[in-house]
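First the structure, in the form of structure tokens, and then the observations on it.
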Amino acid sequence: MFDPSALQQLKQLKQDIRASRDIIQGTVRGTQSRFGFVNLDDGRDAFLAPEQMDRVLPGDRVEVEVFEVTEGKQAGKFEAKIEKLLASDLGRFVGRYTVRGQGHFVAPDLPQLSRWIFLPPKARKGAKPGDFLLCSIAQHPFHHQGKAQAKVERIVGGDTLAGIETEYMLAKFDLPVLSSEAQKQADQQAATLSEQLTSAIESSARDDLTELPFVTIDGANTADMDDALHIEALPNGGYQLRVAIAQPSCLITPESPLFLQAHAKANTLYFPGNQKLMLPKQLSHESFSLVANALRPALVAELTIDAKGAVAECRFALAKIRSHGKLSYDQISAFLAGQTDAIDAALQPLVTQLSTFSELRHQWRAAHCLIMDDKPDYQYTLDSQLKITQVDVLTRTKAHQIVEEAMLATNVAAGEFFAREQLPAIYSTHAGPREERLDTIKQMFAQEPALQEFEVQTLEGYVNLIKTLERGDRQHLLSNFRRQLQPGQLSTEPKPHLGLGFKHYATVTSPIRRFNDLYNQLLIVNWLNQQPINAMDSAAVERLQDCVSRGRQAVRQTESWLLCQFLEKQLGQTFTGRISMVNSAGIGIRLDQNGAEGFAVIRTKTCKPDFDPIALTLTLKDEEGNEAQVLHLDAPVTVTLDSIEPDTRKLNFSLQ
């Protein structure tokens, strides 16, 4: 036997050997090939060969030994060998049941995982080949010689299920869906609350504004109407704008199960032909919707607009109102275009004044804030299986501007009110450029030093930069700059919204459809009633933001999937579009006709364009090597649809 001194020497020897090795922790990053990488905690990236990648899953935390490659094209780079699995966070995922020979697998819908995962017989839960599945990992490959196994958590459905695309994306992005029993309970709670509506409307704390001719302006088929408008011209050239906002908070309290469900859902999701409502239909489409000629409880924002278009004053009050008419965008557009019989004669003066107000307010915002670019919107015609049969481009009209200006003015006023009263509101904020892109922006502006002087992370600097770029012939530069921006965020802090050019912005106008509006409404009501206010903590707001983001991705990917199916019969056809993305391999294109997005490979063995990663341009050369064409963001292009990849739902174009 070794004596204690020898054992200590052996232990020290092992420690010395380990210390001499480059052992470090990191996170596994997969690819669409069999190999992968480890993002090491010290900032390096190390290659994982296929046999190493087979032992782990994307997102795994691992301990690896790192080796520097000394020969060949990869000399100077790093390769890793996995020593330990520290943690695996891959939870539930979606995919499709696939059979190869005698093997049954799920093909995961994960961008960093290219291999199929075995489904043992007892883990299939009656699923059939071709079904879309929600699965989890039952056996991690690290502990079983690189052989992973999955189990079915839920069968989402098959190709023949109407709206399968929506159901699949709800599962993919882990969005809350009530079980049939939970939905039944929610509907019962909604029915109980609806019975209390009359007493809530007749509360003595409410102003009676039923004689004011409020009107709703929405799509012709809209049922969840959150807001109604009334306006009066003032002698000084300004306006008194009243925005009546549906008030579900009068019955849905923070202790209510419906309030908690609304928080979990975050907002109503508008999938093509398939709404997933935040509140039960009886409440959102009936009891609280500002239906024409029906008494409704409302929170009314009364805004005084001065002769220049600025909001001079805003006050909030509880009221009972009656909408005097449901007007559609098409009706108002037709009336403003000269079709006098498009709307009831009694409402025509009101609509005329709303239109004049919106022009005034729009001009004020153009001078003092920022006007977002109008992006094309599309209307889908669907069949009984909820597949797209026709796509129409929707034209923005003066009617849309009326609603937009009224809602923006109200939400800005709400943001200023919350900040002034120091209420714990949920603000909609935008911080401008991503922190890690600031150096890129400086390089973008290298040829115009004056642009580098703007402090783009401040409200004033950001607004002035955008206006400078808009005034000059710098559309390409402006498009490039906007690709460096971070998305908007919900926040408990009264930070500015740089993208809109507002110091404070907090939405309150859609409490039937958005939880942050419902919560903000509750703050105002409690302030009016001098009741205690319970603040929502930042962690809860972060969860809310995460759910909102996942919902947007789900709707966007559902639309992309349906558009891929719609375009299957249009292979070989030519379309116009605009460049939405540029990289070294080619360009992304968004089609004008339907909004579908795809990719055109430009770089080939015979075509080697110059890629500028700062300017985001691809420069094509002619046979003599001279510049022939420069492809940049938002440039118009003509493309041919060459192929569609059904499994990945990708459109492949060729440039004409």
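The values are calculated or read from the model by the stated rules, or taken from the named source; none is laboratory data. None of the values given here were measured: they were computed from a predicted structure. Every residue, glycine as well, gets a Cβ built from its backbone with ideal geometry; the counts of neighbours run over all protein chains shown.
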Would segment 92-101 turn up any residue that is over 18 Å from LEU48 (Cα atoms), free of Cβ contacts under 8 Å to residues at least 24 places away in the same chain, surrounded by fewer than 15 Cβ atoms within 10 Å (Cβ to Cβ) and not assigned by TED's automatic domain parsing to the domain that holds ARG29? yes
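Residue by residue, here is whether (1) loosely packed, with under 12 Cβ neighbours inside 10 Å; (2) assigned to a strand (DSSP E or B); (3) not assigned by TED's automatic domain parsing to the domain that holds ASN526 holds:
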{"position": "LEU133", "(1), (2), (3)": "no, yes, yes"}
{"position": "GLY146", "(1), (2), (3)": "no, no, yes"}
{"position": "GLU167", "(1), (2), (3)": "no, no, yes"}
{"position": "LEU178", "(1), (2), (3)": "no, no, yes"}
{"position": "ALA200", "(1), (2), (3)": "no, no, no"}
{"position": "SER203", "(1), (2), (3)": "yes, no, no"}
Quick one: TYR380 ticks every box in (1) under 25 Å from VAL548 (Cβ atoms); (2) in a loop (DSSP other than H, G, I, E, B); (3) in contact with a Ser or Thr (Cβ under 9 Å, 6 or more places away or on another chain) except a single one, so which number is it? (2)
Could you tell me whether segment 483-493 includes any residue that is among the β-branched types (Val, Ile, Thr) and either touching a Gly at 6+ places or on another chain (Cβ under 7 Å) or free of Cβ contacts under 8 Å to residues at least 24 places away in the same chain (or both)? no
Within segment 368-394, track down each residue that is surrounded by fewer than 12 Cβ atoms within 10 Å (Cβ to Cβ), without any contact (Cβ under 8 Å) to a residue 12 or more places away in the chain and not polar (S, T, N, Q). ASP373, LYS375, ASP383
Among the numbered criteria (1) closer than 22 Å to LEU170 by Cα; (2) part of a helix (DSSP H, G or I); (3) not basic (Lys, Arg), which single criterion is violated by TYR270? (2)
Exclusive hit being within 18 Å of PHE288 (Cα to Cα) and among the β-branched types (Val, Ile, Thr), set VAL177, VAL215: VAL215
Taking the stated definitions as given, is ALA220 in contact with a helix residue (DSSP H, G or I) (Cβ under 8 Å, 6 or more places away or on another chain), more than 28 Å from LEU178 (Cα to Cα) and at pLDDT below 95? yes
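Consider segment 508-540. How many of its residues are under 17 Å from ALA317 (Cα atoms) and β-branched (Val, Ile, Thr)?
Residues that pass the stated criteria total 4.
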Out of all the residues in segment 417-430, is one or more assigned by TED's automatic domain parsing to the domain that holds ASN221 and free of Cβ contacts under 8 Å to residues at least 12 places away in the same chain? yes
Name the residues in segment 429-458 that are under 23 Å from the mean Cα position of the chain (by Cα) and closer than 25 Å to ALA366 by Cβ, would you? THR429, HIS430, ALA431, GLY432, PRO433, GLN457
